[in-house]
Amino acid sequence: MSLESKEKLLTIVKKLLNEYPLCDKCLGRQFPQYMRELDNEQRGNMLRKMVKIPLQEECFICHGLMPSLQKLIDDVLNILSEYEYDNFLIGTSLPSDIVEREDIIRSRFKLKGGETLKSELNREIGLGIALKTGKQVKFKGADVTIIVAPFSKPLVTIQSKPIYLFGHYLKKKRGIRQKKVRCKKCKGLGCVECDYLGSAKQESIEDYLNKIILNHFKGSKVKYTWIGGEDSTSLVLGNGRPFFCEVINPKVRRLIGLNFPIDIDNKIILKDLQIIDKPKVIPKFTTDILLYIKFNESVNNEALKNLNSLNNAVIHQISTKKRKVLEKRVYNFRIKSISEDEAQVEMSCDGGLNIKKFVKSSLIKIGGKEVPEVCPNLSSILNINLECVTFDILNVHIQS
Ligand SMILES: [Zn+2]
Ligand SMILES: [Zn+2]
């Protein structure tokens with residue numbers, strides 16, 4: 001730098017500091033072209049000494065934030081210590097008046113090329129965390145994103161990347177529904193009625209699984225995607241029903257410490273839980289089922305023979321939700337036991353077949369005409385009134 005331009009620079013620094021008190025960091029940040037090998041604080045300190053203007057009380061731009069940055073970094077580290085992560089990303093949120101104050105100075109004194117307060121903050125906090133924890137900054141898909149808002153509350157917000165899991169559950173007791181029911185009174189927000197759980201006091205698989213999954217991963221919530229469903233009166237046996245779930249905002253990211261299978265309150269068994277990539281599609285599956293059927297009228301033996309036609313039969317199921325007719329196949333249909341007024345039937349079928357309506361005929365109106373929702377169904381084949389007392393899931397097979 002020539003003597004002339006150095007004189008010019010110092011004149012600007014002097015004028016600037018006389019008008020606006022700045023801390024060393026905020027001063028050094030405005031003159032990045034001067035002594036590039038120094039950091040902002042060292043550069044600011046050197047310039048200040050050269051113009052012989054002592055450090056004044058409060059910095060016009062940062063209002064004392066930069067000199068007390070280590071305290072802020074310590075706060076972040078403290079909150080971060082509850083989280084398991086391999087990498088992180090820092091974001092800062094600054095009130096607009098702070099950003100504007102730096103802009104005012106830059107335009108008044110025609111200062112160019114300097115880093116902004118925000119990017120210096122991101123860099124310095126990131127460096128402070130990396131030095132202390134040995135973890136690296138990752139710009140895309142970081143395990144935790146740390147949002148620092150030095151002038152508002154909460155000071156630090158941490159968002160952690162969701163974890164996706166795949167597992168199986170078995171159900172050993174009847175009377176437990178799959179999904180939890182939202183409390184009618186508070187609609188899931190939590191109130192006196194529901195003990196602030198947000199869900200009705202009715203047992204659900206979801207609640208039992210949460211006892212393990214939500215507790216272990218210390219997330220804010222778990223979203224389940226079931227691969228099929230059963231009735232609350234059904235048992236789920238064999239290898240259990242597969243499911244996916246997403247743990248939102250987890251503090252723990254590994255499965256260490258959980259040993260499968262886990263028996264939950266002697267009612268539900270959680271098996272083979274594993275961490276996976278975000279699932280793209282729900283796979284197709286078939287289910288092995290044991291049906292418990294009640295006859296409301298006597299059935300004749302000739303009619304029973306007609307049931308053989310169900311092997312490999314295609315069943316049409318009207319889906320009002322999807323506004324179309326779905327095709328589901330039944331396999332290996334066989335009567336396991338039969339008496340005067342009841343029977344047990346074993347069968348396999350494509351996932352999604354409405355089992356109760358496959359047993360008991362249920363009519364719906366389409367274009368002014370009443371048609372069975374599931375067709376053919378056992379009642380229509382036997383031409384008598386049947387009821388599905390319950391059905392148990394013997395196994396679920398995912399088709400690759
Ligand atoms: Zn400052
Ligand atoms: Zn409630």
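Values in this text are rule-based calculations from the coordinates and carry no lab data. Being a predicted model, the structure only gives us computed values, none of them experimental. Because the Cβ atoms are built from the backbone with ideal geometry, glycine has one as well, and the counts that use them run over all protein chains shown.
Quick one: what are the phi-derived ³J(HN,Hα) couplings along the range 328-333, Karplus 6.51/-1.76/1.60 with θ = phi - 60°, whole Hz, x for glycine and proline?
10, 9, 10, 10, 6, 6
Summing +1 for each Lys or Arg and -1 for each Asp or Glu, what net charge is found among the other residues whose Cβ lies under 13 Å from the Cβ of residue 341? Don't skip to the end; give the middle numbers.
Details: positive: 294; negative: 297, 340, 342, 387.
Residues near residue 341 contribute -3 overall.
Does anyone have the angle between helix 69-80 and the longest principal axis of the chain? Alpha-carbon axes, 0 to 90°, nearest 10?
Result, in degrees: 10.
Between the range 380-400 and the range 249-271, what is the separation of their alpha carbon centroids in Å?
31
Give, as a single signed number, the net charge of other residues whose beta carbon lies under 15 Å from the beta carbon of residue 367, with Lys and Arg counted +1 and Asp and Glu -1.
Values: positive: 323, 324, 365, 369; negative: 370, 373.
Charge balance near residue 367 sits at +2.
Helix 40-51 versus the longest principal axis of the chain: what is the Cα-based angle in degrees, 0 to 90, to the nearest 10?
20
Would you mind checking the range 148-163 for residues with the amide N under 18 Å from a putative spin-label position 7 Å along Cα→C-beta of residue 87?
159-163
Kindly put 155, 273, 382 in sequence by how many other C-beta atoms sit within 10 Å of each C-beta, fewest to most.
Placing the least packed residue first, the sequence is 155, 382, 273.
Among the listed pairs 185/365; 185/221; 223/360; 184/322; 173/328; 173/271, give every one whose C-alpha distance is greater than 24 Å. Let's see the in-between values first.
Values: 185/365 33 Å; 185/221 20 Å; 223/360 33 Å; 184/322 27 Å; 173/328 28 Å; 173/271 16 Å.
From the list (185/365; 185/221; 223/360; 184/322; 173/328; 173/271), the Cα-Cα distance tops 24 Å for 185/365; 223/360; 184/322; 173/328.
Listed highest first by mean packing, meaning other Cβ atoms within 10 Å per residue, what order do 161-174, 89-102 come in?
On the way: 161-174: 18.6, 89-102: 15.2.
Highest mean packing first, the order is 161-174, 89-102.
Sort out for me the Cα centre separation of the range 125-152 from the range 1-42, rounded to whole Å.
So the separation of the two Cα centres works out to 29 Å.
Mind running the shape call on the range 163-276? Use the C-alpha gyration tensor, a ≥ b ≥ c as the square roots of the eigenvalues: rounded below 1.5 for a/c, prolate if a/b tops b/c, oblate otherwise.
On the way: a/c = 1.88, a/b = 1.14, b/c = 1.65.
It is oblate, given that a/c is not under 1.5 and a/b is not larger than b/c.
What distance in nm separates the simple spin-label points at residue 385 and residue 57, each placed 7 Å from Cα in the Cβ direction?
Spacing of the two 7 Å Cα→Cβ label points: 9.0 nm.
Over the range 3-160, consider all pairs of different Cα atoms and compute the Kirkwood hydrodynamic radius from their mean reciprocal separation; express it in Å, one decimal.
Details: mean 1/r = 0.0598 Å⁻¹.
It works out to 16.7 Å.
Hey, which aspartates and glutamates would be in cross-link range of residue 336, C-alpha to C-alpha under 14 Å, not counting anything within fewer than 8 residues on its own chain?
Leaving aside aspartates and glutamates fewer than 8 places away in the same chain, those within reach of residue 336 are 288, 346, 392.
With Cβ to Cβ distances under 13 Å as the rule, what net charge do the other residues near residue 46 carry (K, R +1; D, E -1)? Working shown, then result.
Details: positive: 6, 25, 36, 43, 48, 49, 52; negative: 24, 37, 39, 41.
It works out to a net charge of +3.
Rounded to the nearest 500, what is the chain's calculated 222 nm mean residue ellipticity when only DSSP H runs of at least 4 contribute -39500 (n - 2.57) each, over all residues? Can you show the working numbers first?
Details: 10 runs with 104 residues, N = 400.
One gets -7500 deg cm²/dmol as the mean residue ellipticity at 222 nm.
Provide the FRET efficiency to the nearest 0.05 for the residue 172-residue 131 pair, computing r from the beta carbons and using R0 = 51 Å. Each step should come with its number before you reach the end.
Values: r = 52 Å, r/R0 = 1.01.
Using R0 = 51 Å, I get an efficiency of 0.50.
What share of the DSSP beta bridges in the chain is antiparallel, in percent to the nearest 5?
Around 90 percent antiparallel, to the nearest 5.
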